[in-house]
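The values are calculated or read from the model by the stated rules, or taken from the named source; none is laboratory data. For clarity, every value in this text was computed on a predicted model and none was experimentally measured. In this analysis, Cβ positions are derived from the backbone assuming ideal geometry, glycine residues included, and neighbour counts consider all displayed protein chains.
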Amino acid sequence: MTMHSIGRWVCFQNLIIIEKEEKMIKRLVFVGISLPLFFLFLGCDRLGEKKELVKINNVSISIGEFRQISERQPLEGKMRLLKEEELRDFLDNYVITREVLYQEAKKKGFDKNKEMMAKVEDFRRAIVIDSLLEEVMRGKGEVSDKEIEQYYKENKDRFTEPLEVRIRHIFVNKEAMLTEVLTKLSKGESFEKLAATYNVDSSREDGGNIGYIRRGQLAPPFAPLEEAAFSLRKKGEVSQVVKTPLGYHLVRLEDSRGSYLRPLDQIKEKIRLLLQTKKTQDAYFQYVKEAKSRAKIVINEKLWAEEEKKEQKPKEEKK
């Protein structure tokens, strides 16, 4: 038996052992010691990376190229390549299929189509820019607990809301009905009358009146409705469409009483996300500003003015 054959045999034994110890694999993956089986299967013959695995017409794909395609798959995809038959299916239905279709596209000239090439270039630029920003923005959005506490203290009015709100809602369970309601509301029809006509719950008897509610009073499935109710500030203000497991709601604020400062622990993560977003945006705009200052940018103002005139003419003709 040659060294090459011994290597293949060892790989095959590894496959059998690992399949029998499936629970152990799951445990290893869970704790992050990820050794996908295909790495063992493909990695046993590193010396033969350039050996032809498959040939499609005049295009040859080596075992090394196949390994690279496999390794580029997302983690979820890699986890589906844990058995030899799964790898073979990946070879047949992804690698070979992709190459066959690519060759068909080339026959029709899609690889040289100007519009297609422009899309490819746009996509390439987007990936390159994303890679740059990922590196530049790394760590820029980190927010400490101290910053969160400071923001909370300085913006308590943002987290102070009515202790109780009295609300009315329109509640339907079909999109067609929702469309009808929205159309009629836009034409000025009465919120109460529409609730009395369309509501699919008992509140229709009182024009959609729910009465006063407090935070946490509604059942968990209606948390989005509760959030919408407490986000309203003016009497008569109507929310955007709120979706719950039971249907679609439009909420109107009827009244509010008392005030309530939400505890920091309830909104800590919301503040963290808000500050992370702001920090990242600020860092982005600062980087762009600095990058532009380092670049030599010359705008042909004369040409730009001519272009503006061309844009204005069609508008004037329409008038």
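List of remarks:
- With respect to the conditions (1) acidic (Asp, Glu); (2) in a strand (DSSP E or B); (3) within 30 Å of LYS153 (Cβ to Cβ), GLU227 falls short on a single one, namely (2).
- Lone qualifier among LYS50, LYS55 - being at pLDDT below 85 and in contact with a strand residue (DSSP E or B) (Cβ under 9 Å, 6 or more places away or on another chain): LYS50
- Set PHE222, PHE285: member being among the aromatic types (Phe, Trp, Tyr) and out of contact with any Ser or Thr (no Cβ under 7 Å at 6 or more places or on another chain): PHE285
- For the stretch 249-264, the condition of being among the charged types (D, E, K, R), in contact with a helix residue (DSSP H, G or I) (Cβ under 6 Å, 6 or more places away or on another chain) and more than 12 Å from ILE167 (Cβ to Cβ) holds for at least one residue.
- Selection count, the stretch 230-258, where residues are in a loop (DSSP other than H, G, I, E, B) and under 24 Å from the mean Cα position of the chain (by Cα): 3
- Residue, nearest to LYS146 (Cα to Cα), within the stretch 271-304, restricted to residues that are exposed (fewer than 10 other Cβ atoms within 10 Å of the Cβ) and small (Gly, Ala, Ser): SER293
- Within the stretch 236-269, the set of residues being in contact with a strand residue (DSSP E or B) (Cβ under 6 Å, 6 or more places away or on another chain), farther than 13 Å from PHE171 by Cβ and charged (D, E, K, R) comprises GLU237, GLU254, ASP255, ARG257.
- Only one of the listed residues (LEU232, LEU225, LEU182) is surrounded by 14 or more Cβ atoms within 10 Å (Cβ to Cβ) and in contact with a His (Cβ under 7 Å, 6 or more places away or on another chain). That residue is LEU225.
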